[in-house]
Amino acid sequence: MEAHSAIPYLREALIFLAIAGIAVPLLSRVKVSPVLGYLLVGGLIGPFGLGLLAADYPVLGQLVIADLDGVRALAEIGVVFLMFMIGLELSLDRLWSARALVFGMGSLQIIVSAAAIAWIAAALGADTRSALIVGAAFSLSSTAIVMQLLMRGRRQSTPVGRAGFAILLMQDLAVVPILFMVGVLATPDGPGLATGLALALAKAALVIVGIYVAGRVLIRPVLRQVAQARSAEMFTAAVLLTAVGVAALTANFGLSMALGALLAGLLLAETEYRHQIEVDIEPFKGLLLGLFFMSVGMGIDWRNVVSNPLVIAATVAGLWLLKAVIIAALARAFGQRRSVAVEAGLLLGQGGEFAFIILAAATGLGLIASDLEQHILIVAGVSMLLTPLVAQLAQRAGHYLEHRDAAHAAPDSDDSFRDCAGHVIIAGFGRVGQTLARALDAEGLDYVALDADAAMIAKLRDRQQPVFYGDASRVEILAKAGILQAAAVVVTMNDPAAASRIVAEIHRRWPMVPIHARASDPAHARRLLELGATYCTPETVEASLQLASNVLLHAGMDADVVQRRVAEQRLVETNRV
């Protein structure tokens, strides 16, 4: 009887699943982010980690993944799913509203960064064609890592998240003309560079419009038919087919798969199925992105890093500093606050995954020497490895600059706060803060609101609302808001760390002032109570109570009974906190 052949890549799949299910969660317990965990473990089990010892210790060979090309081919699917999820969270209206940032700031970032890096490469001895390719490759940042970090921190809707995404989106769109530029450079007798790029962009625009129009006509009725079958497996398969199918279609037209995945996400975002799709796709995206990060870690030849540590370190630092300065300057020119500009610049200073694709194309056409390619890949890989750490430093730098701006802005508003007593101070004037303000207004109660979003403050001040620019964790700002005469302080921001910092500072300085705090969950509520909050309202608890109230009312229960039951349950949940 003939034996069945072994499952291809079974050992590699087992190693990856063990890392995803065991190693990365263990690293998370010691505060190592999953992104960094995948990068570190990928470097360990790659051919330049334990792979170097496999010949002497054969048992280690069972723990090593040496087929980098196969891993990277699969890992590209992770980037496809990331772009698909980004498209789901977008809409054409949101994209059009951000056109100045995407097509203005994003385009200028690529052009200025590529030109500056190419000039430096040429000054260091690279020929013109190699310098142009190096500049183009290094002008792009890592969409996969940066967007994963922003999404994990729920910061994609913040000013930093919006500015970063605008630049990253334009970079993804620019991969097509850059790859075309590589082909033109390899054929000096072909059309001119400007003509070729114009043709490539026109072709890309026609393909995108054609796919979008056809998708709007076909996708919604197809998904409606699949959904009516009430089969979760069929629905997930249809969504996967849409994401991968549109990505493959754009690839067949010479465009990037990532761009096609983004387009598929935009198409599905306009349907009524977007929320179900997000839930169904999330596990696939997370696992495949983990595989992508592992492939980056595997590709770093640590021997070259050890043999030329100063050169590698200087190149990584120089690249990061140059791009950070350019991005921060452009962000300021496009109206972003100083704290946002600096944080966005630091966040996007690394090399990106598309550098691997561009360099592979250039090396295949003989435009880049193998030693230069390896140096660039190491610099890009190391910079991506450092991104989670630099992102934390960038966020701290942004907070520091916000505090300084608030301190400098405070003297200008000495006479702005009303001289009132018994008012409520609202720390954070987002959605929750504005809802609270409307409730206070309806009851004729005075309030003073503080927020660090200067653009929003200016808009609301035009409507004569008592909202002021300031960091509510600074005692000077709180004193100017009349905290000694205030009836209470309400902390409403959705940043758990900022809320904890503000509650602690108010309780330390004014322990007799009641503090009402919004908490993200019961665990956060307990932390805020420990820091001195008088009352805490976990969002998850209130949402559940509101849902229970609606269900009981629609079940026919008396409104007074429902109100009493919900109040009793609220007391129980509060005691649990």
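The values are calculated or read from the model by the stated rules, or taken from the named source; none is laboratory data. What you see is a predicted model; the values in this text were computed from it and never measured. Counting neighbours? That spans all protein chains shown, and the Cβs are built from the backbone with ideal geometry, glycine included.
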Exactly one of Gly125, Gly135 is without any contact (Cβ under 8 Å) to a residue 40 or more places away in the chain, in a loop (DSSP other than H, G, I, E, B) and not polar (S, T, N, Q), and that one is Gly125
Since Thr534 meets every condition but one in (1) crowded, with 17+ Cβ neighbours inside 10 Å; (2) at pLDDT 85 or above; (3) hydroxyl-bearing (Ser, Thr, Tyr), which condition does it not meet?
(1)
Scan the range 66-85 and give yes if some residue there is modelled with pLDDT of 75 or more, surrounded by fewer than 22 Cβ atoms within 10 Å (Cβ to Cβ) and over 24 Å from Leu240 (Cβ atoms), otherwise no.
no
Considering Ala264, Ala237, which residue is among the hydrophobic types (A, V, I, L, M, F, W, C) and exposed (fewer than 15 other Cβ atoms within 10 Å of the Cβ)?
Ala237
Return yes when Glu343 is of a type in the set (Asp, Glu), surrounded by 24 or more Cβ atoms within 10 Å (Cβ to Cβ) and on the phi < 0 side of the Ramachandran plot and no when it is not.
yes
Out of the residues in the range 305-350 that are under 22 Å from Ala136 (Cα atoms) and in a loop (DSSP other than H, G, I, E, B), state the one that is nearest to the chain's Cα centre (by Cα).
Leu348
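Going by the conditions given, is Leu255 modelled with pLDDT of 80 or more, of a type outside the set (D, E, K, R) and closer than 22 Å to Leu82 by Cβ?
Spelling it out, it is not the case that Leu255 is modelled with pLDDT of 80 or more, of a type outside the set (D, E, K, R) and closer than 22 Å to Leu82 by Cβ.
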Is there a residue being charged (D, E, K, R), over 30 Å from Leu52 (Cα atoms) and either in contact (Cβ under 8 Å) with a residue 12 or more places away in the chain or outside any loop (DSSP other than H, G, I, E, B) (or both) anywhere in the range 372-380?
no
Tell me, please, whether a residue that is under 14 Å from Lys323 (Cα atoms) and assigned by TED's automatic domain parsing to the domain that holds Glu282 can be found in the range 142-156.
yes
Being aliphatic (A, V, I, L, M) and surrounded by fewer than 23 Cβ atoms within 10 Å (Cβ to Cβ) is the filter here, so list the residues in the range 268-290 that pass it.
Ala269, Val279, Ile281, Leu287, Leu288
Please state which one of Thr242, Thr271 is among the β-branched types (Val, Ile, Thr) and at pLDDT below 80.
Thr271
Answer with yes or no whether Arg337 is modelled with pLDDT of 85 or more and in contact with a helix residue (DSSP H, G or I) (Cβ under 8 Å, 6 or more places away or on another chain).
no
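Can you say whether Val209 is modelled with pLDDT of 80 or more, surrounded by fewer than 17 Cβ atoms within 10 Å (Cβ to Cβ), among the hydrophobic types (A, V, I, L, M, F, W, C) and part of a helix (DSSP H, G or I), as far as the supplied structure shows?
Yes: the conditions hold for Val209.
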Of Leu63, Leu10, Leu44, Leu53, the only residue that is at pLDDT 80 or above, more than 17 Å from the chain's Cα centre (by Cα) and over 23 Å from Met384 (Cα atoms) is Leu53
I'd like the residue in the range 219-239 that is part of a helix (DSSP H, G or I) and of a type in the set (Lys, Arg) and, out of all such residues, is modelled with the lowest pLDDT.
Arg220
Just wondering, is there one or more residues in the range 361-384 that are among the polar types (S, T, N, Q) and within 19 Å of Gln148 (Cα to Cα)?
yes
